[in-house]
Every structure is written in structure tokens, then in C-alpha cells.
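Heads up: the structure comes next, in C-alpha cells.
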Amino acid sequence: GGDTNTSAFADTALIPQGNLIFVSVDSENVGYEGPLAIDGDDQTFWHTEFDPTSPSHPHQIIVNLGASYTVTAFRHLRRQDGNSSQVGGGILGYEFYVSTDGSTWGAAVASGTLAYNHGLKEVASTEKVGQYIRLIALSEKRPPNVVIGGNDDPYMHRWWLIPRNRFFNIYLHHFLRS
């Protein structure tokens with residue numbers, strides 16, 4: 001499956017926001033808990049743990065749709081607060097599942113990669129009836145915080161491994177040339 005930034009699905013086919021019930025995530029950070037992923041506010045979001053540790057992928061969220069539906073797609077909107085290059089990455093590799101009982105999942109109904117941008121992603125899936133959905137983020141893509149040497153011929157990329165602050169900073173450097 002792939003993603004698109006254009007609306008291929010009518011809004012009338014959306015599952016009502018008020019029906020969604022948060023079930024679980026594998027990891028969350030204080031202030032960015034799992035239920036924020038489905039609260040309908042594009043300025044709030046779920047973030048996996050990053051303080052004091054940062055567990056590695058995969059990460060998942062499970063949501064009860066509130067009733068049984070024929071699921072044919074999902075939408076994903078990455079964080080919109082303008083801070084995503086410093087703290088959080090975006091989903092790159094993913095798998096999407098639908099279940100009738102929230103425990104028996106079967107094969108993924110969609111899998112692939114999402115484009116790295118802030119636009120709304122709509123991903124078509126194999127049609128399946130169910131009441132629960134599970135999105136697994138297999139990997140992330142995070143652009144460097146700093147490109148040294150210019151974008152045309154960069155010397156080094158730098159990522160902050162913890163949120164940048166005035167007391168303590170840890171960086172990851174990737175040297176591209178000598």
C-alpha cells in the first residue's frame with residue numbers, strides 16, 4: 001500500500017470520531033499519552049517514550065472503533081506542532097491490521113511506507129470487517145536537525161538525541177565526507 005495527500009475517500013465514509021475508544025499503545029511519554037492520537041485535535045498527539053529512555057521500533061496503537069465496520073482505508077496525520085524535526089520522527093514503515101475481537105489480527109490489510117511530510121495521509125487497505133484497528137510503526141524517518149556544509153554538498157548531518165536544552169545536549173553526527 002502507498003499513501004496519498006489527496007482525498008480519495010469521502011468524509012461521509014469516515015467512522016465517527018465520537019465512536020473511537022482508545023485501547024492501548026506499547027509506549028508513551030508523559031504529556032503525549034496514547035488517547036491523544038484519537039482526540040480529534042490536530043495539535044495534540046501520541047508520542048512514544050523519550051524520557052528517560054527511548055524504546056526502539058516497532059511501536060503500535062490499538063483502537064476500538066466502537067462498532068463493527070467494513071474498513072477500507074486509514075488516515076494518518078503526523079504531529080503538527082512545528083517541533084517534529086527536534087523531538088519526534090514520523091512513521092516510515094508501517095503495517096495496518098483489522099480485527100473483530102482485538103486479539104486475533106490475521107494478516108496486515110495494508111503495509112508500506114509513508115511520505116515524510118506534514119500532509120494528511122490516506123492509505124487504502126484490503127477490505128475487512130472488524131471493530132478494532134492496530135497500526136504498527138516499523139520504522140521512522142527523521143530529517144537531521146542541522147545540515148553542515150549546505151544542502152548541495154553536505155559535510156555532516158546532526159540530530160539531537162534529546163530535546164535541545166541549555167543544560168545538557170547529546171548529538172548524533174553522521175559525517176558524509178572528509
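Between the amide H of Ala73 and those of Ser125, distances stay under 5 Å, these residues lying 5 or more places away or on another chain, with hydrogens modeled in the peptide plane. Potential lengthening of the chain between Asp81 and Asp51 amounts to 8.9 nm, from the contour at 0.36 nm per residue minus the alpha-carbon distance. Each of Gln17 and Ser68 was given a label point 7 Å from its Cα along the Cα-to-Cβ line. The distance between the two points is 2.8 nm. Accessible area per residue was computed with a 1.4 Å probe on protein heavy atoms; His47 scores about 20 Å². Amide H to amide H, with H built 1.01 Å from N, Glu140 comes under 5 Å of Leu92, Gly93, counting only residues 5 or more places away or on other chains.
Normalized C-alpha radius of gyration of the range 96-137, against 2.2 N^0.38 Å?
Values: Rg = 11.4 Å, N = 42, 2.2 N^0.38 = 9.1 Å.
Here the answer is 1.26, to two decimals.
Set against the 2.2 N^0.38 Å expectation for a compact globular protein, the range 10-81 has a Cα radius of gyration ratio of 1.19. Simple spin-label estimate for Ser139 and Glu122 gives 2.8 nm between the two label positions (7 Å along the Cα-to-Cβ direction from each Cα).
Would you please put 54-61, 107-114 in order of how densely packed they are, using the mean number of other Cβ atoms within 10 angstrom per residue and starting with the highest?
Numbers: 54-61: 15.5, 107-114: 17.1.
Result, highest mean first: 107-114, 54-61.
The values are calculated or read from the model by the stated rules, or taken from the named source; none is laboratory data. Just so we're clear, the structure is a prediction, and the values are computed from it rather than from any experiment. Backbone-built Cβ (ideal geometry, glycine too); neighbour counts: all protein chains shown. Areas reflect the complete protein model, heavy atoms only, side chains present, ligands, DNA and RNA absent. Shrake-Rupley method; radii C 1.70, N 1.55, O 1.52, S 1.80 Å.
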